[in-house]
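The values are calculated or read from the model by the stated rules, or taken from the named source; none is laboratory data. As the structure is a computational prediction, the values presented were derived from the model and not from experiment. Every residue, glycine among them, receives a Cβ derived from its backbone with ideal geometry; neighbour counts consider all protein chains shown.
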Amino acid sequence: MAKQVELNDWWQERISDQLKGMEYGSVLITVHDGRIVQIDRTERKRFDPSAGVAPAAVNSDSAQEKKTAQSLKSASRSSKVANG
């Protein structure tokens, strides 16, 4: 026969603490032999899709970095061919 889970004030406080401040996620309570042995909290953060868009000034710097990297790769290939 299944044992009744003991859920005293101390455990209720611990579970409540895991739920505080959570917007999205889950709390998993693991029970062995009628006793709580583990509490897992998995929290998800959701962001506005436009929050990841970089300002135009940052994008132009990034484009310049890409051009520099491409010219370095090109120069590296040329020296390999010349050194053969």
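Laid out as a table, the results:
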quantity: Residue among 18, 4, 38, 12 that alone is modelled with pLDDT of 75 or more, surrounded by 11 or more Cβ atoms within 10 Å (Cβ to Cβ) and of a type in the set (S, T, N, Q); calculated: 18
quantity: When residues of the range 2-25 are limited to those that are out of contact with any Lys or Arg (no Cβ under 8 Å at 6 or more places or on another chain) and aliphatic (A, V, I, L, M), the one nearest to residue 46 (Cα to Cα); calculated: 19
